[in-house]
Amino acid sequence: MTINSNLSPAEFALFQEYIKEQCGIDFNEEKSYLIESRLSKFLIKFGLTNFEELYRMLNKQKDVGLAEEIIDAITTNETLWFRDKTPWMILEEVLLPAYIDEIRKGQRSKVRIWSAACSTGQEPYSIAMCIDSYLKRFRVQDVTLSQFEILATDISTTVLKLARMGKYDSISMARGLESEYRDTYFRQEGRIWKLADTIKDAVVFRQFNLQNSFIGLGNFDTVFCRYVTIYFSEQFKKVVFSKIANALTEQGVLFIGNSEIFFDYKENYEMTQYKNGAFFRVRGDS
Ligand SMILES: C[S@@+](CC[C@H](N)C(=O)[O-])C[C@H]1O[C@@H](n2cnc3c(N)ncnc32)[C@H](O)[C@@H]1O
């Protein structure tokens, strides 16, 4: 049996549509090699001879497990600790002082933060470490980490499984994590670094597709939706950011990736420049 692992234009069109429908990721023809390279393992695994057979299998069996495996293989899960410097500076210098002040004045009892495409957990755990270290550094005793509810979601079950474990290898640890954070919040066990329970327990992980309705997630004071919409069509990107605007509380804040471009924000957000960074505050009338 000869396996034809070259993706024909017709097969590309089938998978392009399927992937867009399942998770909003929009592959153009130049990225057809990515579909080919990421899905060819399934031809071998199932003894198939070409991608059309895989597509038929996917549609005929309506096998949720296989659909999940395909989405897992297709998504880019690249992430690191404290990705880009500025969101963390803004969290520390602008948002946390305001949230703590509001808690102290009895204007709120908790803060809800959402990491909307959390991959293997580095982003939500960075949020928890940032808050915890801030509270300790400024000797804040009347507000605790438990008053910050951090929800972390992703479409991929594989990354969520890894994230929930809170265990990282040396390569992941070397990506963006300062030694001060590593020494305070991790314990080394052989080649693996284990995250402290205080930080692990501060984050709730849940599978969630950004294509789904956000009702049921509740409202958030801050949303990190970073380096995920870069894979979406302009139209879907607009839908996601508008749904986030609806899920934000009054004065709620959205962070996107520093190298991401967000042209269409004015309807729902006001961009605030802070030092060398920026964030988007939901408009009162949105
Ligand atoms: C490149 S990672 C970014 C991780 C993190 N936000 C960061 O900035 O480091 C993108 C993540 O988005 C997830 N993703 C892709 N499509 C999604 C969708 N429709 N709904 C939810 N998550 C999605 C992927 O599984 C992947 O883990």
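For the reader, a short list of remarks on this structure follows.
- When every residue of the range 50-62 is checked against the conditions, at least one turns out to be over 27 Å from VAL223 (Cα atoms), of a type in the set (Asp, Glu), in contact (Cβ under 8 Å) with a residue 24 or more places away in the chain and in a helix (DSSP H, G or I).
- Members of the range 185-196 that are surrounded by 12 or more Cβ atoms within 10 Å (Cβ to Cβ) and either without any contact (Cβ under 8 Å) to a residue 40 or more places away in the chain or not assigned by TED's automatic domain parsing to the domain that holds SER133 (or both): PHE186, GLN188, ILE192, TRP193, LYS194, ALA196
- Contact annotation: residue pairs with Cβ atoms under 6 Å, 6 or more positions apart or on different chains, pairing a residue in the range 197-221 that is under 19 Å from LYS161 (Cα atoms) with a partner that is away from the ligand (no atom under 16 Å from the Cβ) and not in a loop (DSSP other than H, G, I, E, B), are ILE199/TYR185; ALA202/LEU145.
- Single residue of LYS20, LYS31 found to be part of a helix (DSSP H, G or I), outside the structural domain of PHE236 (by TED's automatic domain parsing) and more than 20 Å from ILE155 (Cα to Cα): LYS31
- For the residues GLU270, GLU260, GLU250, GLU234, the requirement of being within 14 Å of the ligand (Cβ to nearest atom) and acidic (Asp, Glu) singles out GLU260.
- Output for the range 153-184, where each listed residue is exposed (fewer than 14 other Cβ atoms within 10 Å of the Cβ) and either more than 21 Å from the chain's Cα centre (by Cα) or away from the ligand (no atom under 16 Å from the Cβ) (or both): ASP169, SER170, GLU178, SER179, GLU180, ASP183
- Here PHE51 does not fit the description of being within 21 Å of ILE155 (Cα to Cα) and aromatic (Phe, Trp, Tyr).
- If you check GLU234, GLU178 for being among the acidic types (Asp, Glu), within 22 Å of PHE280 (Cβ to Cβ) and either in the same structural domain as GLU270 (by TED's automatic domain parsing) or touching a residue at least 40 places away in the same chain (Cβ under 8 Å) (or both), only one passes: GLU234.
- Scoring ASP101 on the criteria (1) surrounded by 16 or more Cβ atoms within 10 Å (Cβ to Cβ); (2) part of a helix (DSSP H, G or I); (3) assigned by TED's automatic domain parsing to the domain that holds THR144 leaves a single failure, condition (1).
- Residue match in the range 77-99 (condition: free of Cβ contacts under 8 Å to residues at least 12 places away in the same chain, more than 22 Å from the chain's Cα centre (by Cα) and either within 16 Å of the ligand (Cβ to nearest atom) or under 20 Å from GLY252 (Cβ atoms) (or both)): yes
The values are calculated or read from the model by the stated rules, or taken from the named source; none is laboratory data. In this text, all values refer to a predicted model and were calculated from it rather than measured experimentally. Methodologically, a virtual Cβ is constructed for each residue, glycine included, from the backbone with ideal geometry; neighbour enumeration extends over all protein chains shown.
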